[in-house]
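All of the numbers you see were taken from the coordinates with simple rules; none came from a lab. Source: prediction; values computed, not measured. Methodologically, a virtual Cβ is constructed for each residue, glycine included, from the backbone with ideal geometry; neighbour enumeration extends over all protein chains shown.
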Amino acid sequence: MAAATIETSALTRSYGEICALKPIDLLVPEGEWLSVMGHSGSGKSTLMNLVGGLDRPSGGALKVGGKDLLALSEDGLARFRREYVGIIFQQHHLVPYLSAVENVMLAQYFHSTPDEAEARNALERVGLGHRLKNRPGELSGGEQQRVCIARAIINSPKLLLGDEPTGNLDHKSTMMVMELLKELRAEERFTVVMVTHNQEVAAWGDRTIYLDDGVLVREERTRC
Amino acid sequence: MLALKLLPQLLAWTATALLLLRAFSGRRLATAYAAGAGFLGGTAALAVVPGALLYDMVRGFLGAAFLLLWGVSVVVLYQSNRREGASGVRFLNRAPLCGAVALVCGLIAGATCACRLGSGAAGQLLTPLLLAVAGCALVAAALYAERLLSPRITVTPAGLLAALVALALFASSFLIRVDLFAPLSMKVMKGTHDFVHQFMESVLIPDHIFVRQVVWGYIGIFFSKDVGFWGGMVIWFTPVCLLLLAIRLQRLPKVSHIRQGAQRRQVIARAIKERNLRLAVPGFALAVLIAAAYQSQHPTVEYWDPKPLQLTANAAGEIFIPRKGEVNLEDGKLHKYLFKQGEREARFFVLMAPNGKLTVDLDACAICKPDGYGQTEGTLICYYCKTLIPLETIGMTGGCNPVPVQFADTPDGVRLNAASLLNSWGQTIQSTTRPKEGGK
Ligand SMILES: Nc1ncnc2c1ncn2[C@@H]1O[C@H](COP(=O)(O)OP(=O)(O)O)[C@@H](O)[C@H]1O
Ligand SMILES: [Mg+2]
């Protein structure tokens, strides 16, 4: 069996009285594509934020890429986010007054140092070679999400997290984005964890887990 | 009071010790001992070496160190496009080298502090002793503080040299007799004047009317006082700027063999960060040099600058100044007088030289505009060209020395002839107040 990319045991996260994530045990092997489904407020985003190092757990153990995230300092956690994870959100979080290529270069800058040729190259890979200089407002929802994908993969993450990345897209754009992610994963061999409400989107993964009120209630293999 | 007077020197000494300890981090203790011993030796020099010689030694050494820095900076710039930047770091941790460098730095710092105390402290025991103790205590403090300094700040040999020289120059810039910047700019000024003069006379006498106008229009620049200042600035800052440039020009590592973009960028980012950190020490040296030049331009030394007392002559045309009258002529201080007769006037001073003989001289020399002299730190200073004239040489002619006046040294006082005084003043002033570029 491949090494575990994500390994949690009795992982919890509570906001005061509210327990957003009940003790949860999860193991995601390297290279897997895991889909996460569940109702609104079931703790999917909470789980993603913990795994991506955006948030700290209330209890339990959490290892990502062999690193114990609870033991990392703030600096260490920031470094982990920079070098290990790429994240795509439903809201694209692109800087509105920067062009597509500049948005990607910004991610390079925070990681190490910008390299425009490489940023262009990444946008060409997601099929936006002709929209390099456009600002997010001048792009369609699907195109914006593809800029986000270029931005998420520019620093060669080992783990790609998606929090409802296709939630705002129509069917055609959704399929284009999914196709793109599949291609990129085949080339870059990153692990994928993707939250979605869409059964069809979830089916692109190797396995789907279902959360309900912060509890992992069910999981099923999509294909072998 | 004393601590305040020595504060800049002691601060510079602490920074010097910190730098030495960081540069020779492999041999911290040996470095600290050598530095402390050097400082003790430098302080002790006050008792052993006669005053004037001590000043000359310190200044001579600073000049040599500055020249060395010039040479090193040129070599470093020449080698800057090599890939391996941190060469010579291993060489820094050889025991004899750290010991020698720390010892010399200590000697210079100690001697500078001793000079600052002045020859008045030579006879005392307590003050130099206190200074020596303070110097060693600061080394101990630096030994502790160096651990708190970010471990990422590294010191290259050239950077170390630059910072050490800058700190020594800073410490000495408070002492008019060992300061290097003022005499440097003066030398530049004189050199430029001489060169332009020679060049004009021997090579290019502008005969054509247009040529003459154009040339004379610009030549004034070379005779202005600024030329010395700016020329001095260039010579002063160039070596450190060359070092900074050399670091900036260091090539980044080869990354073309790294296939993954993120990894490639990381290697480059790390190299750039390291390069910027290497700028820290020479950058610090630059800042210190700026402070030194500023200090040199705005000396804080206490001048003895008396207001000229007005005098009259008796019916026989003789001026008489009593030895112990209103002022005590024998106190070793400059006493200025102004003699007026109708339209004519003359300014002169009476001073007892260190050999115990009274001298009377014009408050002007044969070269500079008659801005006069002040007294400081065992010298007279020409207010126009900032030349220091050791008190021992007052009464001799030549250079920027004040023009001696004939007088009779009688037991009750000094007598001079009013007419010859006025004539001597008139002649001296006539040749120096005329603007130099007056050839036009
Ligand atoms: N910052 C927060 N402060 C308080 N409660 C929060 C916060 N974030 C999320 N929650 C609560 O935690 C629960 C899980 O939220 P979330 O993980 O965002 O759900 P999902 O993404 O599955 O819709 C919800 O009940 C939500 O109200
Ligand atoms: Mg959510």
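Laid out as a table, the results:
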| quantity | calculated |
| --- | --- |
| Inter-site label distance for B:Tyr78 and B:Asp226 at 7 Å from Cα along Cβ, in nm | 3.5 |
| Span-like helix ranges in chain B, DSSP H, alpha carbon extent 20 angstrom or more, Kyte mean at least -0.5 | B:7-23, B:28-48, B:51-78, B:95-117, B:126-145, B:157-172, B:181-202, B:209-223, B:226-249, B:280-297, B:418-433 |
| For chain A, the longest site-free run once trypsin sites (Lys or Arg not before Pro) in DSSP loop states with at most 15 other Cβ atoms within 10 Å are removed | A:1-132 |
| Theoretical ellipticity at 222 nm over chain A - DSSP helices of four or more residues, -39500 (n - 2.57) apiece, nearest 500 | -10000 deg cm²/dmol |
| Antiparallel DSSP beta bridges within the protein assembly as shown, as percent of all bridges there, nearest 5 | 70 |
| Per-residue average of Cβ from other chains inside 10 Å of B:264-277 | 3 |
| Nonlocal amide H pairs with A:Ile6, under 5 Å, H built at 1.01 Å | A:Val28, A:Gly65 |
| Those aspartates and glutamates that a straight Cα-Cα span of less than 14 Å connects to A:Lys22, excepting residues fewer than 8 apart in one chain | A:Asp212, A:Asp213 |
| Shielding by partners, peptide A:108-115 (average Cβ within 10 angstrom, other chains) | 5 |
| Equivalent ellipsoid, chain A (semi-axes from 5 times Cα gyration tensor eigenvalues, Å) | 28, 20, 16 |
| Residues whose placed amide H lies under 5 Å from that of A:Leu72, excluding near-sequence neighbours | none |
| Rg and Dmax [Cα atoms of the range A:118-224; Å; Rg one decimal, Dmax integer] | 14.7, 46 |
| Relative contact order (percent, whole number), chain B, Cα cutoff 8 Å, 6+ residue spacing | 16 |
| In sequence order, calculated HN-Hα J values of the range A:169-183 (Karplus, 6.51, -1.76, 1.60; Hz; x Gly/Pro) | 9, 6, 4, 5, 5, 4, 5, 5, 5, 5, 4, 4, 4, 5, 4 |
| Cross-link reach list, lysines versus A:Lys158, counting only Cα pairs under 17 Å and skipping chain neighbours closer than eight places | A:Lys63, A:Lys67, A:Lys182 |
| Percent of beta bridges antiparallel (DSSP, the range B:309-437, rounded to nearest 5) | 90 |
| √(5λ) per eigenvalue of the Cα gyration tensor, the protein assembly as shown, largest first, Å | 78, 30, 21 |
| Cut-off under 5 Å, modelled amide H: who pairs with A:Gly162 long-range | A:Ile88, A:Val193, A:Met194, A:Val195 |
| Residue with peak Gaussian network fluctuation, chain A [Cα springs, cutoff 10 Å], from A:Gln144, A:Gln108, A:Gln199 | A:Gln199 |
| Residue-by-residue Karplus 3J(HN,Hα) for the range B:253-260, coefficients 6.51, -1.76, 1.60, Hz, glycine and proline x | x, 6, 10, 5, 7, 7, 7, 7 |
| Mean separation of Cα contacts under 8 Å (6+ apart) over length of chain A, as relative contact order % | 28 |
| Peptide-level mean, for B:249-262, of C-beta atoms on other protein chains within 10 Å | 2 |
| Cα coordinate range in chain B, projected on the principal axes (Å, largest first) | 100, 69, 28 |
| For chain B, built as a Gaussian network whose Cα springs stay under 10 Å, the top-fluctuating residue of B:Val48, B:Val227, B:Val139 | B:Val48 |
| Equivalent ellipsoid dimensions for the range B:340-432 as semi-axes, Å, which come from the Cα gyration tensor, largest first | 20, 19, 10 |
| Charge context of A:Leu139, other residues only, Cβ under 14 angstrom, K/R +1, D/E -1 | +2 |
| About the Cα centre, charge dipole magnitude for chain B (Lys/Arg +1, Asp/Glu -1 at Cβ), debye | 2840 |
| 27 Å Cα cut-off, lysine pairs counted over the range B:309-437 (separation 8 or more, or different chains) | 16 |
| Relative counts (whole %) of C-alpha pair distances in the range B:232-363, using bins that are 5 Å wide | 2, 8, 11, 10, 8, 6, 6, 6, 6, 6, 5, 5, 4, 4, 4, 4, 3, 2, 1, 0, 0 |
| GNM result for chain B, Cα springs below 10 Å: residue of B:Ser420, B:Ser256, B:Ser173 fluctuating most strongly | B:Ser256 |
| Separation between Cα centres of the range B:159-175 and the range B:271-299, rounded to whole Å | 11 |
| Per-residue ³J(HN,Hα) for the range B:380-397, Karplus 6.51 cos²θ - 1.76 cosθ + 1.60, θ = phi - 60°, Hz, x for Gly and Pro | 9, 10, 7, 5, 7, 9, 6, 5, 9, 10, x, 4, 4, 9, 5, x, 8, 9 |
| Relative compactness, the range B:1-85, computed as alpha-carbon Rg over 2.2 N^0.38 Å | 1.41 |
| The range A:190-224 and the range A:35-75: distance between their alpha carbon centers, rounded to Å | 16 |
| Relative contact order for the range B:320-440, counting Cα pairs under 8 Å that sit 6 or more residues apart, in percent | 24 |
